[in-house]
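These notes concern the structure reproduced below.
The values are calculated or read from the model by the stated rules, or taken from the named source; none is laboratory data. What you see is a predicted model; the values in this text were computed from it and never measured. Counting neighbours? That spans all protein chains shown, and the Cβs are built from the backbone with ideal geometry, glycine included.
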Amino acid sequence: MLIRIGYDLVFEFCAETPMILMLFVHPGQARALVRNDDMQSDPPLQVEPFIDNFGNRCARIVAPEGTLRLWAETLIRDNGQPEPVDQGAREHPVAELPVETLPFLLGSRYCETDKLCQAAWDLFGLTPPGWGRVQAICDWVHSEVRFGYEYARANRSAWEVFEERIGVCRDIAHLAVAFCRCMNIPARYASGYLGERRIGRVLMARGRDAADTAMTTAFGFNCLRSFSVLTEEVPEQFVT
């Protein structure tokens, strides 16, 4: 299947402002792109691309005073099949884990493992280790946290999600990630385009939590005037 993906962002700046952008398909899925996901801007800008410490594609720009529009649209190929499920996946002891996974056992800005550890073990300590334990965590978070765009708050942490039982997609992900880490299961936070559950997901960035994967980070005051995201399946016969 083909998926059309893209975004359109409009900002207002009161002065020249440096920015870091994570608006690109992750290198791990870049080969599936039918055409490059090059970012367009109005006015035109000098763009400095780089790869961060988590392997994400990033760019650095200096936004001009006034209005800045950033956008892109491209096509990516996907097999259309659900992502694999391995209910027999084994939970490895910490001593056996690869060194590169160890940072994803620790607390981070939005995932306070110290505050959530007791609750995690009370809730999931008797669940079967491995796939079943992670599934139990995801099922609990899905059933116990009420989703709503009206609940969006930029600084809500996993502990606050647990206390308030409300949030948006990033809040739900933070709580699931934090619970996994509390149970000694390495867990990364990921952002990207979402088609259906477990089908057609396009990865953009990975990190410890949303602080590592923000689509845009501005080092100065700005106002986001508009924000739209595109993700839709496209019949191959209509693609030129």
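With a requirement of 2 or more residues that are basic (K, R), the strands (runs of 3 or more DSSP E) lying completely within segment 34-106 that satisfy it span 57-63, 66-77. Please determine whether any residue of segment 184-192 is within 30 Å of A15 (Cα to Cα) and either among the hydroxyl-bearing types (S, T, Y) or in contact (Cβ under 8 Å) with a residue 24 or more places away in the chain (or both). Yes, the conditions are met somewhere in segment 184-192. Would you check if A214 is assigned to a helix (DSSP H, G or I) and surrounded by 13 or more Cβ atoms within 10 Å (Cβ to Cβ)? In short, no.
Can you tell me which residues in segment 120-138 are exposed (fewer than 15 other Cβ atoms within 10 Å of the Cβ) and in contact (Cβ under 8 Å) with a residue 60 or more places away in the chain? W121 - this is the single residue of segment 120-138 that is exposed (fewer than 15 other Cβ atoms within 10 Å of the Cβ) and in contact (Cβ under 8 Å) with a residue 60 or more places away in the chain. If we scan segment 116-123, do we find a residue that is in contact with a helix residue (DSSP H, G or I) (Cβ under 8 Å, 6 or more places away or on another chain), among the small types (G, A, S) and within 24 Å of C169 (Cα to Cα)? Yes, segment 116-123 contains at least one residue that is in contact with a helix residue (DSSP H, G or I) (Cβ under 8 Å, 6 or more places away or on another chain), among the small types (G, A, S) and within 24 Å of C169 (Cα to Cα). Does segment 20-27 include one or more residues that are under 30 Å from F104 (Cα atoms) and over 19 Å from the mean Cα position of the chain (by Cα)? Within segment 20-27, none of the residues are under 30 Å from F104 (Cα atoms) and over 19 Å from the mean Cα position of the chain (by Cα). Among the residues of segment 139-159, those identified as within 19 Å of the chain's Cα centre (by Cα), in a helix (DSSP H, G or I), surrounded by 15 or more Cβ atoms within 10 Å (Cβ to Cβ) and not small (G, A, S) are V141, Y151, W159.
Is it the case that some residue within segment 51-67 is assigned by TED's automatic domain parsing to the domain that holds R225 and in contact with a Leu (Cβ under 6 Å, 6 or more places away or on another chain)?
yes
For segment 2-19, filtering for residues that are surrounded by 15 or more Cβ atoms within 10 Å (Cβ to Cβ) and either within 16 Å of the chain's Cα centre (by Cα) or not β-branched (V, I, T) (or both) leaves 10.
Within segment 29-59, restricting attention to residues that are of a type outside the set (A, V, I, L, M, F, W, C) and surrounded by 14 or more Cβ atoms within 10 Å (Cβ to Cβ), the residue that is farthest from C223 (Cα to Cα) is Q29.
For P27, the conditions (1) touching a Gly at 6+ places or on another chain (Cβ under 9 Å); (2) more than 19 Å from P64 (Cα to Cα); (3) in contact (Cβ under 8 Å) with a residue 40 or more places away in the chain all hold with the exception of (3).
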